[in-house]
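Working notes for the structure below.
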Amino acid sequence: MIELLTIGEPMGLFIAQEAGALEDVKHYSSRIAGADLNVAIGAARFGHKTAFISQIGADTFGKQIKRRLEAEQIATKYLAVSPKWKTGFMLKGLAANGRPATDYYRKGSAAAHISLEELAKIDFNGIKILHLGGILAGLSEEGYQATLYLIKRAREHQIQITFDPNLRPTIWDSEELMIERTNEIAQLCDVVMPNIKEGKILTGETDVTAMADYYLKKNVKQVIINMVENGSYSKRVDDQQRIYEERMPELKPDQIVDRVGAGDGFVAGVVSGKLEGLNDLDCLRRGSAVGAIQMENLGDNEGLPTKAQVTHFLSSKGIIEP
């Protein structure tokens with residue numbers, strides 16, 4: 001029985017095998033990427049039954065993505081294959097500070113042409129969480145409508161909806177449209193999870209409590225903010241309008257190899273925690289641990305840990321899980 005549904009744009013990924021500007025790199029290794037795909041992999045590694053919704057091309061990248069999802073035991077029955085549109089891909093460099101240069105080739109991708117007809121085939125029975133990101137809505141009008149459609153269906157089945165804005169200004173027609181539509185989607189969800197930079201852009205606030213209040217006043221039930229080097233923060237309101245706040249200090253990785261994918265790892269940790277009924281602080285702790293471990297590895301999702309690896313990591317930091 002599927003517990004978690006995610007939807008997004010999967011991409012092929014070429015990672016540079018040598019330092020330098022991308023135009024100077026001669027050798028790349030091939031992997032896969034995509035923010036919501038990373039969340040799916042992260043949740044699956046905690047043992048949760050997950051299905052990934054998207055559309056890939058009938059091409060090499062598409063075959064690679066499907067094979068990897070199956071290897072991670074992620075259901076691909078809602079992964080449509082287009083004979084017309086191609087799978088998007090990206091290039092990523094090597095950087096000593098863990099912040100590599102990236103170059104995206106995703107305009108007009110197969111995922112951007114996802115259809116409501118395909119989404120109508122989804123069985124929502126038994127689903128506990130629908131996780132959404134903001135990238136698909138920015139890729140195309142079809143992606144935006146697909147996002148709204150899934151929210152409507154999830155509401156009909158009383159499924160909790162989590163949302164990571166995942167702001168990518170380059171894929172939107174304007175910053176104004178990006179903010180307007182991202183906030184529109186956020187206000188329809190139960191849990192909104194921006195990072196600190198995204199929270200500032202979307203709400204115009206600089207304080208995390210004010211960012212959280214911006215959404216809580218619009219009937220969002222919980223706001224979780226990844227403050228990166230300053231840890232993480234949660235503010236939640238229950239049905240009796242009682243407020244609960246939690247803060248988690250940063251968990252530092254032993255070494256930083258690649259920061260890309262760490263934010264997705266944080267979200268995957270939080271979502272998996274919610275599937276298991278963990279309290280707010282434990283969800284923050286798990287998210288922080290998953291994000292830190294991912295930073296110790298090259299690639300967008302290769303380092304996403306199992307539950308046992310998280311327990312070991314926390315123990316090395318002197319933290320014993322309850």
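Listed values, structure above:
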read-out	value
Cross-chain or 6+ apart pairs with Cβ under 7 Å, the stretch 82-111 first and closer than 14 Å to Gly143 by Cα, then among the basic types (Lys, Arg) and open to solvent by 10 Å² or more (accessible area, probe 1.4 Å)	Ser109/Lys86; Ala110/Lys86
Qualifying positions in the stretch 110-137 - within 17 Å of Met193 (Cβ to Cβ) and not charged (D, E, K, R)	Ile129, Leu130, His131, Leu132, Gly133, Gly134, Ile135, Leu136, Ala137
The stretch 54-71: number of residues that are surrounded by 19 or more Cβ atoms within 10 Å (Cβ to Cβ), outside any helix (DSSP H, G or I) and not hydroxyl-bearing (Ser, Thr, Tyr)	3
Selection count, the stretch 86-109, where residues are open to solvent by less than 80 Å² (accessible area, probe 1.4 Å), touching a Gly at 6+ places or on another chain (Cβ under 7 Å) and part of a loop (DSSP other than H, G, I, E, B)	5
From the options Ala43, Ala51, residue that is touching a residue at least 12 places away in the same chain (Cβ under 8 Å), buried (at least 18 other Cβ atoms within 10 Å of the Cβ), part of a helix (DSSP H, G or I) and at negative phi	Ala43
Lone unmet requirement of (1) out of contact with any strand residue (DSSP E or B) (no Cβ under 8 Å at 6 or more places or on another chain); (2) open to solvent by 70 Å² or more (accessible area, probe 1.4 Å); (3) in contact (Cβ under 8 Å) with a residue 60 or more places away in the chain for Glu18	(2)
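The values are calculated or read from the model by the stated rules, or taken from the named source; none is laboratory data. Model, not experiment: these values are computed from the prediction. Please note: Cβ atoms are built from the backbone with ideal geometry, for glycine as well, and neighbour counts cover all protein chains shown. These area figures cover heavy atoms from the full protein model, side chains too; ligands, DNA and RNA do not enter into them. Shrake-Rupley method; radii C 1.70, N 1.55, O 1.52, S 1.80 Å.
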